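What follows is calculated from the coordinates using simple rules that are stated; it is not laboratory data. Just so you know, these numbers come straight off a predicted model, no measurement behind them. We place every Cβ from the backbone using ideal geometry, glycine too, and count neighbours over all the protein chains shown.
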Amino acid sequence: MRGPSTWTMGCSVMTPARWLLVLGTSALLTVALLVAVRFAGPPKASRAEAFAEQGPAQKLEAMWAAPDFAFVDDRNVTVTRQALVGKVWVANFVFTQCRTICPLLTSKMVQLMRRLPGVDARFVSFSVDPEHDTPAVLSAYRQRWAADEPRWTLLATTQATLPQLAAGFHVTATPGAAGDLDPIMHSGVFVLVDKQGVVRGVFDSEHAADFQALERGVRVLAGEPGRVVDEPTDAVSLYHALSCASCHENEALAPKLVGLVGSKRELDTGIRVTFDDAYVRESLLSPDAKRLRGYPLRMPSYDGLVSGAALDTLVSWLLRPGSAVDAGSSPVEVAEDPVCHMQVRVTADALKSERDGGAVYFCSSHCQRRFDDNPAAFGR
Ligand code: HEC
């Protein structure tokens with residue numbers, strides 16, 4: 001018969017002695033956990049994101065001091081936190097080989113700079129890929145995105161100091177070591193830092209209201225009043241100023257936008273839609289409503305970033321007749337990246353490795369490297 005001092009766990013019956021042992025072990029584990037939490041502080045990886053979730057309601061209160069750092073930038077100049085004292089700055093975290101979220105984040109950073117013309121602020125993109133992103137690589141990246149922007153600094157971090165930097169900003173930045181299954185994990189937040197080096201806000205650039213709050217925050221802290229941003233009036237200039245070209249002229253990232261009017265586009269749901277006025281407008285304002293098949297990267301929303309007139313100009317330009325580079329009428333061939341399981345397009349320049357069973361396709365060279373290091377881990 002089972003008395004009050006015995007306990008059934010699975011198939012085993014617990015005697016009082018074993019019960020005490022379990023109690024003692026769990027007490028020890030609890031103490032160990034509490035000590036670990038105490039030393040690690042609050043769960044740092046998510047702290048910045050937790051602030052970002054407050055959205056545009058943030059009051060620009062002092063949060064914590066930005067961490068110290070000294071990194072070489074894309075112009076081979078060493079930039080330190082100290083050197084930025086006296087400037088308002090905005091930080092984000094990217095890596096150049098990333099084909100998923102980073103182009104989206106960089107396009108937002110570039111839009112932020114363009115919306116703050118003449119404002120004495122700095123924009124700092126920390127690379128979370130110390131191994132690959134050298135100053136020369138970052139310099140080439142700048143050329144693709146905003147060659148002409150002196151206020152933008154791209155910093156090459158080091159393996160030894162990246163964890164400290166990430167902890168200091170309370171963001172995640174875990175470079176994948178060889179053999180890891182995940183690509184580099186990093187936070188997509190934008191951190192606003194004041195002239196004294198104190199963090200005053202953390203924003204999720206993907207929400208239009210947050211992005212606008214970030215822009216306002218820079219102006220408030222820099223003490224520079226808002227002014228109307230000069231918007232180009234012709235479509236081609238808009239296409240470049242709004243970073244459309246940085247993604248859409250690189251077929252590995254996004255489709256060419258020529259000669260598509262009237263063609264059928266295949267969505268990730270398998271549904272086919274016509275490339276017309278309504279579809280193009282929706283692509284610009286609510287890009288997640290209809291996702292084109294085979295693109296791991298998401299298109300940024302331009303809701304709130306362009307005037308109605310600029311939107312009309314762009315839409316009618318995108319609907320112009322032209323020779324089709326990709327008529328989109330034939331079904332799109334896509335393959336699954338075995339590492340991150342994203343759907344990627346099978347194109348001539350797609351990243352691939354040859355295996356006995358045929359070609360294997362990847363969303364990024366990180367996934368490819370991970371696969372090549374140990375194909376068996378991915379069942380090949
Ligand atoms: C950060 C990269 C990026 C930027 C910047 C960008 N796009 Fe896109 N765009 C994409 C990707 C990726 C897709 C396909 C995936 C999807 O549908 O979300 C796409 C899809 C589109 C589509 C639908 C295309 C089709 O073939 O059906 C249109 C139209 C479009 N973008 C227009 C623009 C315009 C205009 C701009 C500039 C105002 C722009 N994009 C800026 C990445 C980008």
Practice task
Post the alpha-carbon centroid distance, segment 62-113 to segment 232-267, in whole angstrom.
Solution key: 27
Exercise for the section: Scan around residue 88 for amide H atoms under 5 Å from its own, H built in the peptide plane at 1.01 Å from N, and keep only partners 5 or more places away or cross-chain. Expected result: 122
Completion exercise
Residues meeting the amide H criterion for residue 69 (H placed from the backbone, H to H distance under 5 Å, 5 or more places apart or on another chain) are 81, 82
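Restrict the search to segment 53-128; then list the trypsin sites (Lys or Arg not before Pro) that DSSP places in a loop and that have at most 14 other Cβ atoms within 10 Å of their Cβ. If you can, show how the numbers build up before the last one.
Details: sites: 59, 75, 81, 87, 99, 108, 114, 115, 122; in loops: 59, 75, 81, 87, 99, 115.
Of the trypsin sites (Lys or Arg not before Pro), the ones in loops of segment 53-128 whose Cβ has at most 14 other Cβ atoms within 10 Å are 59, 75.
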Fill in the blank from the handout: antiparallel share of DSSP beta bridges within segment 47-222, to nearest 5, in %, is 60
Fill in the blank from the handout: For residue 293, other-chain or 5+-apart residues with amide H closer than 5 Å (H placed, Pro excluded) are 266, 267, 268
Fill in the blank from the handout: Links exceeding 32 Å between C-alpha atoms in this model, out of 195/290; 290/352; 108/290; 87/256, come to 195/290; 87/256
